[in-house]
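Here's the structure, in structure tokens; my notes come after.
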Amino acid sequence: MTKIVISTISEAGGKVNEDLINFTKNAFWVMDGATGLWDRSITGNNDAVWFVSEFNKYLERNIHNDASLQDIVRAGISEIKEKWEDILRSKNIADLPTYAEPSSSLILVRFDDEFKKMEYFLLGDSVLVFSIDGNYKIVQEDKLRMLDNIAKKEMSKYLNQGYSLAESRERIIPTLKKHRNMKNTEEGYWVLSFQEEAVKHAFTGTVDIEKEAYILAMTDGLEAIIAEYKVFPSYISMLEHLKLYKSFGEVYNTLRNIENMDSEGKLFPRFKKSDDASAIYFEVIKT
């Protein structure tokens with residue numbers, strides 16, 4: 001007998017939630033969308049929401065295909081890219097800069113029918129943490145985090161000069177555009193967007209499950225409670241918390257309390273008061 005426990009959270013940091021989570025019987029995924037740094041929307045609404053919604057619909061149709069996660073993601077990029085280019089042509093938009101394109105982090109996890117094997121795929125700055133039969137692993141990338149830290153240091157300079165959080169972010173837009181133009185390049189970082197080359201640089205793996213698996217996939221908006229605010233001393237300690245409580249309630253309330261207390265980013269420099277915060281906790285117990 002196999003027991004499955006699933007706990008989820010996906011809360012907007014502002015008016016629009018650009019994150020997306022979803023799961024099926026044998027798979028789940030977590031996405032953290034980023035809209036382009038252009039002066040207008042291309043899809044007619046929020047480009048990041050359009051992008052993650054389109055990829056979500058694609059995954060719902062294809063996640064259980066008899067293909068590797070890499071091949072599934074690669075084909076999805078091709079399909080969504082065609083739709084994006086159709087929109088650009090319909091609006092007579094040519095030579096769109098890279099920084100204007102939407103993108104997303106992506107964590108994909110898939111199990112076989114008997115939950116004896118787990119596959120994972122990660123692109124971007126979301127974090128995957130798991131314990132399988134007592135063996136822990138943390139899967140994350142560092143390149144985008146390094147670029148974000150450079151931008152946050154610049155933000156901090158303006159915050160210390162008395163500018164508001166919104167004013168400080170506006171002043172670092174050139175840096176953010178420079179970094180976004182490095183998307184899916186060797187000198188930059190790899191993320192889900194319209195470049196199939198990124199798939200080659202994803203973190204992937206397959207793990208056997210004998211007795212139990214505890215898995216946490218989260219966007220950087222929730223991960224801030226560990227990486228930035230240090231409420232949990234490690235990713236593993238947060239996983240242990242979820243193993244005990246099976247809920248994100250206390251975690252989320254603490255996250256937002258800290259951000260409300262430091263609403264102008266003086267203690268914790270960041271790009272906005274609160275980021276979207278999303279995660280899936282997935283537990284497999286065999287008896």
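Laboratory data are not the source of any read-out in this text; all were calculated from the coordinates shown. Not measured: the values here are computed from a predicted model. Glycine also receives a Cβ, built like all others from the backbone with ideal geometry; neighbour counts cover every protein chain displayed.
Listing for the model above:
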read-out: Under 11 Å, Cβ to Cβ, from Gln161 - net charge with Lys/Arg +1 and Asp/Glu -1; value: +1
read-out: Glu101 long-range amide H proximity, modeled H, under 5 Å; value: Leu37
read-out: Calculated FRET efficiency for the pair Met146/Glu196, C-beta based, R₀ 25 Å, to 0.05; value: 0.55
read-out: Relative contact order (percent, whole number), segment 175-287, Cα cutoff 8 Å, 6+ residue spacing; value: 33 percent
read-out: Environment charge of Asn184, counting only residues whose C-beta is closer than 14 Å and scoring Lys/Arg +1, Asp/Glu -1; value: -1
read-out: Added length on full extension, which subtracts the Cα-Cα distance from 0.36 nm per residue, Met1 to Lys211; value: 74.5 nm
read-out: Net length gained if the chain between Met182 and Ala75 were fully extended (0.36 nm per residue, minus Cα distance); value: 36.2 nm
read-out: Global geometry of the chain, whether rounded, prolate or oblate, following the gyration tensor of its Cα atoms and the 1.5 cut on a/c; value: oblate
read-out: Pairs beyond 18 Å (Cα-Cα), from Lys137/Lys286; Lys57/Lys183; Lys25/Lys117; Lys25/Lys116; Lys116/Lys243; Lys15/Lys157; value: Lys137/Lys286; Lys57/Lys183; Lys116/Lys243; Lys15/Lys157
